[in-house]
């Protein structure tokens with residue numbers, strides 16, 4: 001047995017300057033989560049975190065849509081049913097009823113892990129100090145203004161603003 | 001497992017310094033651990049630590065930050081103020097528990 005007097009390093013004193021920027025470009029339920037989970041983890045580690053929502057990712061922050069993202073097994077050969085490890089044959093994936101069923105199943109699996117739905121997840125990210133940015137071009141394409149967006153969104157900014165503000169950041173495109 | 005001395009008491013810790021034996025902890029030790037990482041304990045801090053301790057006892061794992069907020073009824077924003085930058089790890093350290101393993 002060794003005797004030590006060590007304390008975990010929490011990097012309090014040094015401003016590491018680490019910054020993370022995540023571009024969320026997908027609006028499918030399954031693709032909304034990676035960005036949210038990583039942003040939440042980074043904030044919990046004291047990392048300055050920015051989320052930039054663009055193209056289909058806009059559905060994550062449009063008030064009327066954010067709570068209603070869908071998951072489709074169509075085109076996703078990695079989707080297995082939770083029982084029996086069966087894959088859904090791709091020919092059946094576009095059938096009526098498949099998407100609601102798959103969405104319901106995925107939502108349940110996520111909820112069973114105690115992971116929140118998208119709107120609540122964004123709320124947590126905001127409370128943890130995360131920044132949410134909406135893409136100018138996507139806003140114009142969708143004809144939406146700040147009034148249509150989740151109230152936690154900091155601003156609608158253009159691509160150049162985003163590049164400027166994420167100077168020195170680690171970037172993830174999802 | 002390494003052993004470290006805190007407040008003149010020998011406690012078992014992991015490679016990073018997190019305590020590994022639940023029953024070696026008491027509030028006095030928790031106060032000393034807090035001092036080591038420059039957290040000034042108030043009643044609000046203790047409320048969070050007490051939740052971690054009791055939740056670990058029933059669940060067998062250290063609660064994640066979200067669980068402290070939802071099941072423990074503590075405001076997320078406030079937790080970041082009480083335990084700056086890395087609230088989940090700091091709370092676990094002060095509570096004498098392993099780091100949380102959950103992702104969310």
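Read the figures in this text as sums done on the coordinates, not as results from a lab. Just so you know, these numbers come straight off a predicted model, no measurement behind them. Here the Cβ positions follow ideal geometry from the backbone for every residue, glycine too, while neighbour counts run over all protein chains shown.
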Problem set entry | Efficiency of FRET between residue A:64 and residue A:85 - r from beta-carbon atoms, R0 51 angstrom, step 0.05 | 0.90
Exercise. In degrees between 0 and 90, to the nearest 10, how far off the longest principal axis of chain B does helix B:27-36 point, with axes built from Cα atoms?
Worked result: 90
Exercise. Label points 7 Å out from Cα along the Cβ direction at residue B:32 and residue A:147: separation in nm?
Worked result: 6.2
For this session: Compute the long axis of helix A:98-112 from its Cα atoms, compare it with the longest principal axis of the Cα atoms of chain A, and write down the angle in degrees, 0 to 90, nearest 10.
Result: 30
Exercise. Efficiency by 1/(1 + (r/R0)^6): what FRET value for residue A:174 and residue B:71, r their Cβ-Cβ distance, R0 = 30 Å, to the nearest 0.05?
Worked result: 0.55
Problem set entry | Exercise: per-residue mean of other protein chain Cβ atoms within 10 Å, B:83-90 | 5
For this session: Compute the separation of the alpha-carbon centres of region A:144-174 and region A:37-111 and state it in Å as a whole number.
Result: 22
Exercise. So how tilted is helix A:118-127 from the main axis of chain A? Cα-based, degrees 0 to 90, rounded to 10.
Worked result: 10
Problem set entry | chain B: relative contact order as a whole-number percent, Cα under 8 Å and 6+ apart | 30
Exercise. Where does each of A:171, A:31 land when they are ranked from fewest to most other beta-carbon atoms within 10 angstrom?
Worked result: A:171, A:31
Exercise. What does the average come to when, for each residue of peptide A:146-159, you count the partner chain Cβ atoms lying within 10 Å of its Cβ?
Worked result: 0
For this session: Within 10 Å of each residue's Cβ, count the other Cβ atoms and sort A:23, B:49, A:37 from fewest upward.
Result: A:37, A:23, B:49
For this session: For chain A, calculate the relative contact order in percent as a whole number, restricting contacts to Cα pairs under 8 Å that are 6 or more residues apart.
Result: 30
Exercise. How many nm separate the modelled label positions at residue A:161 and residue B:81, each set 7 Å beyond the Cα in the direction of the Cβ?
Worked result: 2.8
Problem set entry | Sorted by Cβ density within 10 Å, fewest first, the residues B:54, A:72 | B:54, A:72
Exercise. With all pairs of different alpha carbon atoms counted, what Kirkwood hydrodynamic radius in Å does the protein assembly as shown show?
Worked result: 20.9
Seminar exercise, completed: Taking r as the C-beta separation of residue B:10 and residue B:99 and R0 as 22 Å, the FRET efficiency to the nearest 0.05 is 0.55
